[in-house]
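Rule-based calculations on the coordinates, nothing more; no lab input. These figures come from a predicted structure and were not determined experimentally. A quick note on method: Cβ atoms are made from the backbone with ideal geometry, for glycine too, and the neighbour counts reach across all protein chains shown.
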Amino acid sequence: MASRKEAATTVEDIAGDIQALHDDLAQLSRQVTTLLTASSDEAIGKVKERMRRMRDNIDETVAEAGERGREALSDVSGNIGEALEESLQEHPLTAVALALGLGFLFGTMLRR
């Protein structure tokens, strides 16, 4: 299982990818403005090609970010499960007392 540090690194990678995507979109916006002022057929063709490439890059980045997000979530949930299991093994009486207390609390709340 990956550690919390690896999960945090994955989240940082996703944030970096999103920032790179933001920068790419800003650059595209500047390029589109520049090319549209020329208003020639060649310029429009270049804009269309650049937009197609940007769309392809965005699709790829979003897919990668989604995969990294799923991996990070899986790592975090695995870490929580491991910590819970370890806590139950080390402190079984505390776990039973906690379960009884929570059951009592929820039962009391549901009666109202």
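Val32 meets all of the listed conditions (1) closer than 29 Å to Lys5 by Cβ; (2) surrounded by 12 or more Cβ atoms within 10 Å (Cβ to Cβ); (3) free of Cβ contacts under 8 Å to residues at least 40 places away in the same chain; (4) of a type in the set (A, V, I, L, M) but one, namely (1). Scanning segment 65-91 for residues that are loosely packed, with under 13 Cβ neighbours inside 10 Å and of a type in the set (S, T, N, Q) yields Ser77, Gln89.
Got a sec? Which of Thr61, Thr94 is under 30 Å from Asp24 (Cα atoms) and surrounded by 10 or more Cβ atoms within 10 Å (Cβ to Cβ)?
Within the list Thr61, Thr94, the selection yields Thr61.
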